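K.L.:
Before I ask anything, let me first share the structure, which is written out below as structure tokens.
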Amino acid sequence: MRITVDLLKQYNACKQGIDFMQANYPNGAEAIEIMQREDVPLEFLHFGRQYLDVSDEEIQLYKQICRIDDNSHNVWYSNDVNNSTGLMHTHHVNNSSFVRDSFQINNSNHIYNSNNISNCDNVAHSANIKDSNKILESHDIAESNDVARSNFISWSSAILNSFLLEDCSFIYKSDNLKDCHFCGFMKNSKHCLFCTGLEDEEYYIFNHKVSQSIYEKYREDLLLQLQAENPCMINVFSTKYTAEERFELSARFDNIFNGLSDVFYGWVSTLPNYSDEVFINLFFKNRE
């Protein structure tokens with residue numbers, strides 16, 4: 001295919017591409033000749049692949065230059081792609097699908113505006129995420145699910161606006177916790193169930209101190225109750241995407257609580273030191 005300045009202007013090419021053609025080929029040139037130059041801008045090649053009626057030979061040369069293997073399909077404005085499909089403005093991608101505006105993605109699906117993602121699904125506006133699902137506006141997350149606007153989280157689920165958590169679930173606006181569940185507004189604490197506003201504490205249920213053995217018994221009961229719930233109860237993100245909405249993920253902490261059944265709440269009221277006041281703090285102070 002012959003490329004000219006007028007052709008590029010007709011298709012509203014970027015200024016960089018038009019300037020490149022005017023400087024090097026004011027009278028036009030064959031696409032193959034242009035593509036073989038080492039200094040041709042990749043954006044120029046990406047534009048031509050998407051908008052111009054290029055030949056199979058030109059497509060193969062384009063894929064070779066941009067390092068896109070033959071097992072990858074529907075790849076646009078992307079470089080260094082292997083065994084992947086459905087990419088836009090994405091680079092260094094392996095065995096992934098439906099990725100947009102991202103970098104360094106491996107074995108992952110439905111990723112948007114994120115970097116350094118490995119073995120994940122449904123990640124948006126995040127970085128340094130591995131072995132996790134449904135992550136939004138977060139970084140440094142490992143083996144966790146349903147995490148939004150939180151950082152340095154591992155082995156946890158249903159986390160919002162929190163920092164430095166390990167082995168936690170259903171946590172809101174808390175920092176530096178370990179083995180805490182259904183807690184909010186906590187700091188520097190561990191081994192707590194259904195607590196709010198504690199700092200530098202351990203082994204608490206409903207804001208009351210308990211022995212280690214009592215805590216471990218009810219923690220085990222809690223895990224059994226959660227397992228009895230619908231496996232999809234923690235469903236912060238919509239799973240029914242349209243093509244346009246696929247990467248527009250959002251989260252609300254109250255949606256997490258709403259996924260739990262009345263049976264679960266009935267069991268909660270039987271826990272030692274059950275407190276309506278603590279429960280109100282957890283449920284109504286979490287609104288953003």
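K.L.:
Among the residues of the range 30-51, are any at pLDDT below 90, over 28 Å from Ser156 (Cα atoms) and of a type in the set (S, T, N, Q)?
P.N.:
yes
K.L.:
Of all residues in the range 202-219 being in a strand (DSSP E or B) and among the charged types (D, E, K, R), which is surrounded by the most Cβ atoms within 10 Å (Cβ to Cβ)? Full working, then the answer.
P.N.:
Of the range 202-219, the ones in a strand (DSSP E or B) are 202-205, 208-209.
Pick out the ones that are also among the charged types (D, E, K, R) and you get 202, 209.
Details: Glu202: 16, Lys209: 12.
Per the criteria, the residue is Glu202.
K.L.:
Applying the selection to the range 62-90, what residues are aliphatic (A, V, I, L, M) and either modelled with pLDDT of 95 or more or in a strand (DSSP E or B) (or both)? Walk me through it before giving the result.
P.N.:
Here is the first cut: in the range 62-90, the residues aliphatic (A, V, I, L, M) are 65, 68, 75, 81, 87-88.
If the condition is that a residue be aliphatic (A, V, I, L, M) and either modelled with pLDDT of 95 or more or in a strand (DSSP E or B) (or both), then Ile68, Val75, Val81, Leu87, Met88 are the ones that fit.
For every residue, the table says whether it meets (1) of a type outside the set (A, V, I, L, M, F, W, C); (2) touching a Ser or Thr at 6+ places or on another chain (Cβ under 8 Å); (3) part of a loop (DSSP other than H, G, I, E, B); (4) surrounded by fewer than 16 Cβ atoms within 10 Å (Cβ to Cβ).
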site: Leu8; (1), (2), (3), (4): no, no, no, no
site: Asn12; (1), (2), (3), (4): yes, no, yes, yes
site: Pro26; (1), (2), (3), (4): yes, no, yes, yes
site: Glu33; (1), (2), (3), (4): yes, no, no, yes
site: Glu57; (1), (2), (3), (4): yes, no, no, yes
site: Gln60; (1), (2), (3), (4): yes, no, no, yes
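K.L.:
Does the range 103-111 contain at least one residue that is open to solvent by 20 Å² or more (accessible area, probe 1.4 Å), in a loop (DSSP other than H, G, I, E, B) and either more than 18 Å from Ala142 (Cβ to Cβ) or of a type outside the set (Asp, Glu) (or both)? If you could, list the steps in order and put the result at the bottom.
P.N.:
Taking the range 103-111 and keeping what is open to solvent by 20 Å² or more (accessible area, probe 1.4 Å), we get 103-104, 106-107, 109-110.
From what's left, in a loop (DSSP other than H, G, I, E, B): 107.
Then keep just the ones that are either more than 18 Å from Ala142 (Cβ to Cβ) or of a type outside the set (Asp, Glu) (or both); that gives 107.
Scanning the range 103-111, I find at least one residue that is open to solvent by 20 Å² or more (accessible area, probe 1.4 Å), in a loop (DSSP other than H, G, I, E, B) and either more than 18 Å from Ala142 (Cβ to Cβ) or of a type outside the set (Asp, Glu) (or both), so the answer is yes.
K.L.:
In this structure, does Glu43 turn out to be surrounded by fewer than 13 Cβ atoms within 10 Å (Cβ to Cβ) and either under 37 Å from the mean Cα position of the chain (by Cα) or not polar (S, T, N, Q) (or both)? Walk me through it before giving the result.
P.N.:
Values: surrounded by fewer than 13 Cβ atoms within 10 Å (Cβ to Cβ): no; either under 37 Å from the mean Cα position of the chain (by Cα) or not polar (S, T, N, Q) (or both): yes.
The answer is no for Glu43.
K.L.:
Let me ask something else about it. Return yes or no: is Val93 assigned to a loop (DSSP other than H, G, I, E, B) and β-branched (Val, Ile, Thr)?
P.N.:
Values: assigned to a loop (DSSP other than H, G, I, E, B): no; β-branched (Val, Ile, Thr): yes.
So Val93 does not fit the description; no.
K.L.:
Hey, could you check the range 62-78 for residues that are open to solvent by 40 Å² or more (accessible area, probe 1.4 Å) and polar (S, T, N, Q) and say which is nearest to Leu45 (Cα to Cα)?
P.N.:
The selected residue is Gln64.
K.L.:
If you scan the range 174-192, which residues turn out to be assigned to a strand (DSSP E or B), open to solvent by 40 Å² or more (accessible area, probe 1.4 Å) and at positive phi?
P.N.:
Of the range 174-192, the ones assigned to a strand (DSSP E or B) are 175-184, 187-192.
With the extra rule that they be open to solvent by 40 Å² or more (accessible area, probe 1.4 Å), the set shrinks to 175-176, 178, 187-188, 190.
Correct list: Asn176, Asn188.
K.L.:
Failed condition for Val81, given (1) over 28 Å from Asn24 (Cβ atoms); (2) surrounded by 18 or more Cβ atoms within 10 Å (Cβ to Cβ), with all others met?
P.N.:
(1)
K.L.:
Still on this structure: Quick check, is Cys195 part of a strand (DSSP E or B) and out of contact with any Phe, Trp or Tyr (no Cβ under 8 Å at 6 or more places or on another chain)?
P.N.:
no
K.L.:
Of all residues in the range 272-282 being under 35 Å from the mean Cα position of the chain (by Cα) and either surrounded by 14 or more Cβ atoms within 10 Å (Cβ to Cβ) or β-branched (Val, Ile, Thr) (or both), which is modelled with the highest pLDDT?
P.N.:
Filtering the range 272-282 for residues that are under 35 Å from the mean Cα position of the chain (by Cα) and either surrounded by 14 or more Cβ atoms within 10 Å (Cβ to Cβ) or β-branched (Val, Ile, Thr) (or both), the one modelled with the highest pLDDT comes out as Val278.
K.L.:
Output the number of residues of the range 143-173 satisfying the condition of being hydrophobic (A, V, I, L, M, F, W, C), without any contact (Cβ under 8 Å) to a residue 24 or more places away in the chain and either open to solvent by less than 20 Å² (accessible area, probe 1.4 Å) or closer than 11 Å to Val123 by Cα (or both).
P.N.:
Qualifying residue count for the region: 6.
The values are calculated or read from the model by the stated rules, or taken from the named source; none is laboratory data. Predicted model only: the values in this text are computed from it and were never measured. Don't worry about glycine lacking a Cβ; one is built from the backbone with ideal geometry, like all the others, and counts go over all protein chains shown. When the accessible area is computed, the model is the full protein with side chains, heavy atoms only, and any ligands, DNA or RNA have been set aside. Shrake-Rupley method; radii C 1.70, N 1.55, O 1.52, S 1.80 Å.
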